[in-house]
Ligand code: SF4
Ligand code: SF4
């Protein structure tokens, strides 16, 4: 069988042997939760609560203009509504909850055994598609790109979940479990620990979208540990597991589709929808199951905290809005006073200047690098080796784009196709001259932290 792969890409050391074996553990509730109300690009929630209101876990606390809800991930009192640190930029208007002690979050990995029993029957798959869709939207299920550390150019979480008007009717749902960022292993752990629920979420999504086929895309070097997933799909003719080339950035939707032989433009939202394929993250697929079978809103997510700058790497189930500092403390803290904290993976994540920002629905993980051990390649002149072009999955010539941008010719950079850049960072990773290509293409406000 032909190897399922895409053009370009790189093979950074995967460093997953440690994090893939760490069972998911539940983070205790912190004293305070922060829920950003402004989520670039373009999503804005309007609060439906006020400062001083007492609220319960699962209650709706804000909605977008078209009604998409944001739920409280714990009980407590609204302590403030105002600007707070935000992982994608300096600050965003946010709701701040002072968490009360008496009630917690109505979910957690400890309930896994009970869920297996509850979800073992098929009755939910017989409900009308429109009822299922309504439950998923009411639960605030949103989808995000895996690994990138920021939402991937999709304007509205409602549209993310199930676009109401695709140009081509969807025929296939693909669960994107490629997780090609080094160190991150939260999707892998969910596939190991909650495989039956993920398969149910995939089948529910197929029913909602009218798709006849479902696939779960996993890296081909990951076959061994996924016994429970293979067992869960064994008797299902409409669902299969796809083993794709594990190179980076295989988790990117455009790269994933290319691995399936479907070429799409690298830029623009919902590339799969244009080919009749609904691509959905592992987290969103589980959230569909929870929404339909338990009326449970999307108020937690699983993240990996990894890297040589953190004492005890872990896979954590975290209430949304938890300050990153609480996750770091739960992992034993930083190994030194000079670390680089990255929101997401080391390849495409965003460096943070502070750990005060909260975990959000699109936080796939945190990477902490010990600044003392990071060899910094000195930036030298481009030698025109072409390695950046060879590895670019979008088919660009990054060295040419860089030259145009450095000389102030953004018009020529646009003609060269910079809009198709998927921010994967492969060009920066491969460059022998230490050129910070992706940082020049997409400047970010923060650039490292000192703990
Ligand atoms: S990889 Fe680096 S040195 Fe080689 S062409 Fe690209 S920018 Fe120039
Ligand atoms: S130019 Fe963009 S898409 Fe191409 S390798 Fe660099 S970051 Fe990735």
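Sort out which residues of the range 96-128 are at pLDDT 85 or above and either under 26 Å from residue 193 (Cα atoms) or more than 26 Å from the chain's Cα centre (by Cα) (or both), and write them in order of number.
Scanning the range 96-128 gives 98, 100, 123, 124, 125, 126, 127, 128.
What pairs come up if the first residue lies in the range 370-399 and is at positive phi and assigned to a loop (DSSP other than H, G, I, E, B), the second is more than 8 Å from ligand 2 (Cβ to nearest atom) and modelled with pLDDT of 95 or more, and their beta carbons are under 9 Å apart, counting only those six or more places apart or on different chains?
The qualifying pairs are 384/399; 386/397; 386/399; 395/389.
So for the range 341-353 (the condition being away from ligand 1 (no atom under 16 Å from the Cβ) and more than 28 Å from residue 43 (Cα to Cα)), does at least one residue qualify?
Looking through the range 341-353, none of the residues is away from ligand 1 (no atom under 16 Å from the Cβ) and more than 28 Å from residue 43 (Cα to Cα).
For the range 228-245, indicate whether the set of residues that are under 29 Å from residue 25 (Cα atoms), modelled with pLDDT of 90 or more and part of a loop (DSSP other than H, G, I, E, B) is non-empty.
yes
Just checking, does the range 356-373 include any residue being out of contact with any strand residue (DSSP E or B) (no Cβ under 6 Å at 6 or more places or on another chain), near ligand 2 (Cβ under 9 Å from one of its atoms) and either farther than 27 Å from residue 324 by Cβ or not assigned by TED's automatic domain parsing to the domain that holds residue 255 (or both)?
No, every residue in the range 356-373 fails to be out of contact with any strand residue (DSSP E or B) (no Cβ under 6 Å at 6 or more places or on another chain), near ligand 2 (Cβ under 9 Å from one of its atoms) and either farther than 27 Å from residue 324 by Cβ or not assigned by TED's automatic domain parsing to the domain that holds residue 255 (or both).
Name the single residue, out of those in the range 400-437 being touching a residue at least 60 places away in the same chain (Cβ under 8 Å) and within 12 Å of ligand 1 (Cβ to nearest atom), that is farthest from the chain's Cα centre (by Cα).
The extreme case among them is 430.
For residue 338, which of the numbered conditions (1) away from ligand 1 (no atom under 16 Å from the Cβ); (2) at pLDDT 90 or above fails to hold?
Result: residue 338 fails condition (2) only.
Keeping to the range 285-313, report how many residues are under 13 Å from residue 367 (Cβ atoms) and touching a helix residue (DSSP H, G or I) at 6+ places or on another chain (Cβ under 8 Å).
Residues meeting the conditions: 6.
The values are calculated or read from the model by the stated rules, or taken from the named source; none is laboratory data. Because the structure is predicted, anything quoted here is derived from the model rather than measured. Backbone-built Cβ (ideal geometry, glycine too); neighbour counts: all protein chains shown.
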